[in-house]
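Engineer: One structure is given below, represented as structure tokens, and several questions about it will come after.
The values are calculated or read from the model by the stated rules, or taken from the named source; none is laboratory data. Treat the numbers as computed from the prediction; the structure is a model and nothing was measured. Positions of Cβ are backbone-derived with ideal geometry, glycine not excepted, and every protein chain shown enters the neighbour counts. Surface accessibility is based on the protein's heavy atoms, side chains included, excluding ligands, DNA and RNA. Shrake-Rupley method; radii C 1.70, N 1.55, O 1.52, S 1.80 Å.
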Amino acid sequence: MDVFEIILGTYESFVIGVKCRFKSQQSKDLELVQSFNDHVHQASIRSVSCSSKYMASSSTDETIEIYNMIRRCHVHTILQHSGTVTSLTFTPDDSHLISTSEDGSIAMFETGTWKLKKLWDKAHKGSAVSFLAVHPSGKLALSVGKDKTLRTWNLVKGRPAYTTNQSSMSAYYFFDNIIWSPAGQYYGLPLNTKLMIFNVETAGIACTIEDNHKIHGITFITENLVCYGSENGSLHCYDIINKKSVWEVKIGDTRVKCLIKVDNRLVSALSDGHISVWELDGSKKPTESCSLFLDCRITCICNNSLRKSKMVKDESDEEVEVKDDTIIGISIPNKTQNIKNKLPINEVQNTIIKKKKSLSNNWEVSDNV
């Protein structure tokens, strides 16, 4: 029985799915197994994001690839940007996909049709846009760029709201990540060895966390507890209200590249390919429940939020009608083709096999039992 699925991007240009599941119907022990891998991109993956139906990935090859997570196939390619697509995020209502790029633009696409609905071509005065995060309400978003500014966007009116200059915080580094708390009361900005937590109500810094090593992966466990990973392979939990460390766990010797909270579990991904699932129990130290090693360098992570009631069973042989892949800017005849829901299975044992770039509907899948 599957518990959840995460999507990972890698330096080797693969998009990889990993499922967490119970080892058997009678067992409560968990295991991680690779569910698929796809090699549509031609360069390293920079961002992955999931809605209730779709998954999007971006790369230094300047493209955005769209996947239908119900039919488990690649369905669309977006060719909008002329630079590395640095971040992707779906709005909370799944209505739009927002992308940022080193070409200095922020683009908003309509989910499903993938038509460009809004484009800010000089979002940060022409400087590269590093990251954008949408508030849980879906009404506003924050973006950071190499111009060392933090910009607030009104997504209801579709226009910029105000700009905050952050250049005084560091002369050598710039922000490249933003993380919202679950209710949107706080947001975190990592800057080298510091993590600054801002309060939305007061518009000021709630606390500043300093570490001896560079801070990488960040996620909020609760509204007041933030967890981050560092360059030396340690996990840290910090209480924003009481301004104190709650726990620290050494999980490896390489940087903790990504962190994500899934239900009452924490998923960590080291840059060397080690993935672990941790059971959370309030303010106690987490315990590792399962792990997996992928022979690749991980760059990004997201949770496949597809509702289980909508998932297509792999064992089903029912034929469904799927439209041909389309690429923005290219006219393709409106034809359909029948494909089987059952995905092809290969013999991949947690290692990545390189294959040529392909825009075929069927993914390369590994199902390790």
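One line per residue, one yes/no per condition, for (1) assigned to a loop (DSSP other than H, G, I, E, B); (2) more than 26 Å from residue 50 (Cβ to Cβ):
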{"residue": "201", "(1), (2)": "yes, yes"}
{"residue": "205", "(1), (2)": "no, yes"}
{"residue": "208", "(1), (2)": "no, yes"}
{"residue": "217", "(1), (2)": "no, no"}
{"residue": "237", "(1), (2)": "no, no"}
{"residue": "245", "(1), (2)": "no, yes"}
{"residue": "248", "(1), (2)": "no, yes"}
{"residue": "253", "(1), (2)": "yes, yes"}
{"residue": "257", "(1), (2)": "no, no"}
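Engineer: Could you list, in sequence order, the residues of segment 284-310 that are surrounded by 13 or more Cβ atoms within 10 Å (Cβ to Cβ), among the hydroxyl-bearing types (Ser, Thr, Tyr) and modelled with pLDDT under 90?
Structural biologist: Passing the criteria: only 305.
Engineer: List pairs: first in segment 227-247 and closer than 11 Å to residue 283 by Cβ, second in a loop (DSSP other than H, G, I, E, B) and not small (Gly, Ala, Ser), Cβ under 7 Å, 6+ apart or cross-chain?
Structural biologist: Close Cβ pairs satisfying both conditions: 237/221; 239/224.
Engineer: Quick check: is even one residue across segment 52-68 farther than 19 Å from residue 258 by Cβ, open to solvent by less than 30 Å² (accessible area, probe 1.4 Å), small (Gly, Ala, Ser) and under 15 Å from the mean Cα position of the chain (by Cα)?
Structural biologist: Yes, segment 52-68 contains a residue that is farther than 19 Å from residue 258 by Cβ, open to solvent by less than 30 Å² (accessible area, probe 1.4 Å), small (Gly, Ala, Ser) and under 15 Å from the mean Cα position of the chain (by Cα).
Engineer: Also, quick follow-up: Please go through segment 197-223 and pick out each residue that is buried (at least 16 other Cβ atoms within 10 Å of the Cβ), in contact with a strand residue (DSSP E or B) (Cβ under 6 Å, 6 or more places away or on another chain) and either of a type in the set (Ser, Thr, Tyr) or farther than 23 Å from residue 254 by Cα (or both).
Structural biologist: 197, 198, 206, 207, 219
Engineer: Among all residue pairs at least 6 apart or on different chains, which show Cβ distances below 6 Å where the first residue, located in segment 155-167, is more than 12 Å from residue 145 (Cβ to Cβ) and open to solvent by 100 Å² or more (accessible area, probe 1.4 Å) and the second is assigned to a strand (DSSP E or B) and of a type in the set (Val, Ile, Thr)?
Structural biologist: Taking only residues 6 or more apart or on different chains, the pairs are 162/152.
Engineer: Next up: From the list 86, 113, which residue is assigned to a strand (DSSP E or B) and at pLDDT 95 or above?
Structural biologist: It is 86.
Engineer: Something else about it: Considering only residues of segment 176-197 that are under 15 Å from residue 134 (Cα atoms) and part of a strand (DSSP E or B), which is farthest from the chain's Cα centre (by Cα)?
Structural biologist: Only one residue tops the list, namely 186.
Engineer: Filter segment 252-303 for residues that are closer than 16 Å to residue 215 by Cα and over 16 Å from the mean Cα position of the chain (by Cα) and give the result.
Structural biologist: 252, 253, 254, 255
Engineer: Still on this model: Here's a check for you: in segment 113-142, which residue that is surrounded by fewer than 20 Cβ atoms within 10 Å (Cβ to Cβ) and of a type in the set (Ser, Thr, Tyr) is nearest to the chain's Cα centre (by Cα)?
Structural biologist: Among them, the one singled out is 137.
Engineer: Filter segment 123-147 for residues that are farther than 16 Å from residue 169 by Cβ and of a type in the set (D, E, K, R); which is modelled with the lowest pLDDT?
Structural biologist: 125
Engineer: Count, please, the residues in segment 36-67 that happen to be in a strand (DSSP E or B) and at pLDDT 95 or above.
Structural biologist: Within segment 36-67, residues that are in a strand (DSSP E or B) and at pLDDT 95 or above number 16.
Engineer: Kindly check whether there is at least one residue in segment 14-30 that is surrounded by 23 or more Cβ atoms within 10 Å (Cβ to Cβ) and assigned to a loop (DSSP other than H, G, I, E, B).
Structural biologist: So far as segment 14-30 goes, yes, one or more of its residues are surrounded by 23 or more Cβ atoms within 10 Å (Cβ to Cβ) and assigned to a loop (DSSP other than H, G, I, E, B).
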